[in-house]
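**Student:** Dumping the structure here so I can ask a few things about it.
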Amino acid sequence: MKLSIVIPVYNESETICEVIKRVEAVNGDKEIIIVDDASTDGTRDLLKKYEEREKFKVIYQSRNAGKGSALRVGFDKAEGEIIIVQDADLEYDIEDYDALLAPIVSFRRLFVLGSRHKGHWKMREFEDKNLLSAVFNSGQLFFTWLINITCGTQLMDPFTMYKVFHRECLYGLELESNRFDLDWEIVIKFVRKGLVPMEIPVNYVSRSFGEGKKVRLLLDPILWIIALLKFR
C-alpha cells in the first residue's frame, strides 16, 4: 500500500532537511507532503528544492494558521492508502515506521498511535527547567486521564504526534481544528467511529522551547478542553 507522509512545517530551518532525508530513506511506495505554515526563518527557501522532485508535494500556506490547519491541508492532498503524521523536528525516531505500519499493513488495525510512554516512561526533561518539566509531565497524565474517562478508552499516549491510519478512517469526517487540538479531534472522532487505536512504543526525545517547541502553556490546554467538550 502507498504511504502518504504528511509533514506540517513552521520555522524548522534547523531540522527540516534532516527530517526529509530520513523520510526519503523509508522503504516502500510513498509520497511526501510538506505543508509550510507561513514560515519566516528561511524554511521556505529550503523547501524550494523539493518542489519539482518526484514523490514530493510542497504546499505553502499564505498565513500562519497552526499545525492542525497544515495537517488538514496535507490530508486533503494525500493519495496513499496509509497516512502518517510526521513532525518537522527530530523528537521522534523515523526508524519506528516499520513497527507503526505493521498492524495496518497486516490488516489488524486501521488506526495506530506511537506511544511515547508505553513499556517504560519517557519523561520530558527540559535542561535546567525542572519545574517546567514537571508541569508538562503532570499535564500529560491529567489530560490522558481526562480523555480516557470521557471516551471510555485506556490509552497511554493519545496526544502523540505519530498518528498512523488508513485513509478510509477519514471518510465521513470533517476535521476543523487548527492547532494542537487536532490531536484531540482525530482521536475522539476516530474512537466514536469504533476505531480504537493500537499503541506501539516509539523512541522520543523532547526538545525545549528554546529549541523550537511551539505548544502554548495557556492557550492550548484551553483549546484541548474545548475540543473534548465539542467533539465528544
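**Student:** Kindly indicate whether ARG72 is open to solvent by 40 Å² or more (accessible area, probe 1.4 Å) and modelled with pLDDT of 95 or more. I'd like the intermediate steps shown before the answer.
**Tutor:** Details: open to solvent by 40 Å² or more (accessible area, probe 1.4 Å): yes; modelled with pLDDT of 95 or more: yes.
Against the criterion (open to solvent by 40 Å² or more (accessible area, probe 1.4 Å) and modelled with pLDDT of 95 or more), ARG72 qualifies.
**Student:** I'd like the residue in the stretch 45-69 that is surrounded by fewer than 16 Cβ atoms within 10 Å (Cβ to Cβ) and basic (Lys, Arg) and, out of all such residues, is nearest to VAL23 (Cα to Cα).
**Tutor:** Only one residue tops the list, namely LYS55.
**Student:** Please indicate, with yes or no, whether at least one residue in the stretch 176-195 is modelled with pLDDT under 85, open to solvent by 20 Å² or more (accessible area, probe 1.4 Å), of a type outside the set (A, V, I, L, M, F, W, C) and not in a loop (DSSP other than H, G, I, E, B).
**Tutor:** No: zero hits.
**Student:** Further question: I need the full set of residues from the stretch 13-29 which are open to solvent by less than 20 Å² (accessible area, probe 1.4 Å) and in contact with a Ser or Thr (Cβ under 9 Å, 6 or more places away or on another chain), in order please.
**Tutor:** Once the filter is applied, which keeps residues that are open to solvent by less than 20 Å² (accessible area, probe 1.4 Å) and in contact with a Ser or Thr (Cβ under 9 Å, 6 or more places away or on another chain), the stretch 13-29 yields only ILE16.
**Student:** Which number in (1) part of a helix (DSSP H, G or I); (2) charged (D, E, K, R); (3) at pLDDT below 95 marks the one condition that GLU18 misses?
**Tutor:** The failed condition is (3).
**Student:** Another question, if that's okay. Take the residues of the stretch 115-144 that are closer than 19 Å to ILE200 by Cα and in a helix (DSSP H, G or I): which is modelled with the highest pLDDT? Lay out the reasoning, then the answer.
**Tutor:** Initially, the stretch 115-144 is screened for residues closer than 19 Å to ILE200 by Cα, giving 115-124, 140-141, 144.
Applying the additional criterion that residues be in a helix (DSSP H, G or I) yields 140-141, 144.
Numbers: GLN140: 79, LEU141: 85, THR144: 89.
Top of the filtered list is THR144.
The values are calculated or read from the model by the stated rules, or taken from the named source; none is laboratory data. Please read all numbers here as calculations on a predicted model, not as lab measurements. Every residue, glycine among them, receives a Cβ derived from its backbone with ideal geometry; neighbour counts consider all protein chains shown. Surface areas here come from the heavy atoms of the whole protein model, side chains and all, with no ligands, DNA or RNA. Shrake-Rupley method; radii C 1.70, N 1.55, O 1.52, S 1.80 Å.
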